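Here the structure is laid out as structure tokens; the discussion comes afterwards.
Just so it is clear, none of the values below were taken in a lab; they were calculated from the coordinates. None of these values were measured; they are calculated from a predicted model. Virtual Cβ from ideal backbone geometry, glycine too; neighbours counted across all protein chains shown.
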Amino acid sequence: MLVRARSIAAGLAVAAGTRAHLARAPSGYRVSARAPRDPERLSTVLRALGLADRFGHSTRDGGMLWCEVDDRPPPGG
């Protein structure tokens, strides 16, 4: 899952035009990056975030995007 999280981080960094940060999270890995100021980048950013298990954004601190990649198997799987 670390390889997947690194791949998503790299894609998000390119899509957002900024640096992405990768960190451990209770369920696996969390990737975060500043939201792009250019609205033209939005569709590319959403494609990158959509590769994760969960994603969202915060409007605090000028706008942050985040996503998480689980390293645990799904229940029953």
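If you go through the range 1-27 and keep only what is part of a helix (DSSP H, G or I) and touching a strand residue (DSSP E or B) at 6+ places or on another chain (Cβ under 6 Å), you end up with 4, 5, 8, 9, 12, 13, 16.
Looking at this structure, is residue 32 surrounded by fewer than 16 Cβ atoms within 10 Å (Cβ to Cβ), small (Gly, Ala, Ser) and touching a strand residue (DSSP E or B) at 6+ places or on another chain (Cβ under 8 Å)? Taking the combined requirement at face value, the residue does not satisfy it.
Being of a type in the set (A, V, I, L, M) and without any contact (Cβ under 8 Å) to a residue 40 or more places away in the chain holds for only one residue in 20, 48, 25, and it is 20.
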